[in-house]
Every structure is written in structure tokens, then in C-alpha cells.
Amino acid sequence: MGMYELILFDLDGTLLDTSPGIFNSVRFAEQQLGFSPIPHGMLHVFVGPPPKQMYQKVYGVDEEMAAKATGFHRQYSREKAIYEATVYPGMKETLTALKQQGYKLAVATLKGQKIAEEILKIYGIAEFFDAIVGMDEAESFTKCKTIQVAIEQTETTGNALLVGDSEYDYVGACEAGIDFVGAVYGFGIAEEENRFPLIDEPKDLLLWLQNSK
């Protein structure tokens, strides 16, 4: 094992390509509430951030309406979106290797807690994780909070690394005082980013960790 006790992973765009289900969740919420559909090219902004925050920002609605939209979003996620995802190539092999090397592994996501647990089971990777932390029922968690809860649940000291694919992940890691690696293969990080290390595919994480010792 290297310099970290715990390696945390974001879920959407990092462990799984969940974009089809997320995009469909947004379209379902739009339809239920009569929102004017946003262009397809804008849907990617919903991958990663808290949905309620994004409904307010993107559609210009108040918090109450954004909460209703989030309710429909979560409904579609529970019923259909969990079956509309794929595991990124090489991810299972990477997780297997990390466990063999003695790391504790956890998920820190802003997906709903129950949905996160269920989708990781469906795609056969839940068993790799010592903790899975998602959004609380009150929709109050920040990325930083999910990281902090995961550190507590795994009984590690905070000597941790987050792998994620968005600015929200990076900010959450900074606020939690842990290191960050950006997954370029996801949705929110450009290849020219120079504030933190980058990986082009899951297995690159193993090499990066090896070189960071």
C-alpha cells in the first residue's frame, strides 16, 4: 500500500457512465413540471452536482420548485435510471487491484443514498467498498460532507484521495482537506487541466499511485 489509507470514488462519471439515466431523469422532471426542455448539450451539467441546486440554476426556479423537480428526478432514478448505466472499462480490475494492495475503498456521491447502494449492487461493484455515502434524505449534504462521513465510516484518519470527474468533486476534496485526482474519461474535467493530477482511464490510477509513493 502507498501513501493513502483510503481511496474515495465519485460515482457518476467516475465509477459508472450513468449519463443516459441522468439525462432521462432530467427529461422526466421537465415533462412532469412543464419546464421548457433545455438543449441536449446542456444535460451533462447534471452529472455530479446536487440536482436541486442545478434545477434552480439551469431553469431559474425557486427552491420549492427545484425540490419538486428533484423528487421527480429521484423517482426516475429509482425506477429506471439504475438500469441505464455501464461500468467504465477496466474499473473492476482497478478496484480488485486496489483491494489486493490493502487500500480501504469508499464511494462519496451526491446521488441519493439508496439509489447509490442499489446501482453499485446491480453492476457488481458494491462489494469492493468499505463505505458507500450518498445524499441524505433532506438533500443537505455537500460533497465535502459525503467525504467526511466516508472517512468516519471507514475509521481512517483522513489520509485519503478522491477520484472524481467534476469541479464539484475537486472543491469537495479541497474543503475536506484530502488529495484529488481527476478522471478525464468522465464528464467535467478537461485534458488541459493543470491544478491536479489526471487519469485518462481507470487503470491509470494504479500507475499514478505507484509513482506517488
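Figures for the structure shown
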{"quantity": "The one condition in (1) open to solvent by 10 Å² or more (accessible area, probe 1.4 Å); (2) under 20 Å from Tyr170 (Cα atoms); (3) not small (Gly, Ala, Ser) that Gln56 fails to fulfil", "calculated": "(2)"}
{"quantity": "The stretch 21-50 residues that are surrounded by fewer than 18 Cβ atoms within 10 Å (Cβ to Cβ), paired with ones that are modelled with pLDDT under 95 and not aliphatic (A, V, I, L, M) (beta carbon under 6 Å, 6 or more apart)", "calculated": "His44/Phe187"}
{"quantity": "Of the criteria (1) of a type in the set (Gly, Ala, Ser); (2) under 17 Å from Ile22 (Cβ atoms); (3) in a strand (DSSP E or B), which one Ala108 fails", "calculated": "(2)"}
{"quantity": "Filter result (of a type in the set (A, V, I, L, M) and buried (at least 18 other Cβ atoms within 10 Å of the Cβ)) within the stretch 62-104", "calculated": "Ala66, Ala69, Ala81, Ile82, Ala85, Met91, Leu95, Leu98"}
{"quantity": "Selection count, the stretch 6-20, where residues are part of a strand (DSSP E or B) and open to solvent by 20 Å² or more (accessible area, probe 1.4 Å)", "calculated": "1"}
{"quantity": "Odd one out for Met3 among (1) in a loop (DSSP other than H, G, I, E, B); (2) modelled with pLDDT of 95 or more; (3) open to solvent by 40 Å² or more (accessible area, probe 1.4 Å)", "calculated": "(2)"}
{"quantity": "Filtered residue count, the stretch 156-205, keeping only those that are closer than 23 Å to His44 by Cα, surrounded by fewer than 19 Cβ atoms within 10 Å (Cβ to Cβ) and β-branched (Val, Ile, Thr)", "calculated": "2"}
{"quantity": "Any hit, the stretch 119-131, residues being touching a residue at least 60 places away in the same chain (Cβ under 8 Å), open to solvent by less than 70 Å² (accessible area, probe 1.4 Å) and not in a loop (DSSP other than H, G, I, E, B)", "calculated": "yes"}
{"quantity": "Subset of the stretch 132-155 (residues that are polar (S, T, N, Q), touching a helix residue (DSSP H, G or I) at 6+ places or on another chain (Cβ under 8 Å) and surrounded by fewer than 24 Cβ atoms within 10 Å (Cβ to Cβ))", "calculated": "Thr142, Gln148"}
{"quantity": "Restricting the stretch 65-100 to residues that are in contact with a strand residue (DSSP E or B) (Cβ under 9 Å, 6 or more places away or on another chain) and not in a helix (DSSP H, G or I), the residue that is nearest to Ile115 (Cα to Cα)", "calculated": "Ala85"}
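The values are calculated or read from the model by the stated rules, or taken from the named source; none is laboratory data. On a predicted model such as this, the values are computed, not experimentally measured, just so you know. Every residue, glycine among them, receives a Cβ derived from its backbone with ideal geometry; neighbour counts consider all protein chains shown. Ligands, DNA and RNA are excluded from the accessible area calculation, which covers all protein heavy atoms including side chains. Shrake-Rupley method; radii C 1.70, N 1.55, O 1.52, S 1.80 Å.
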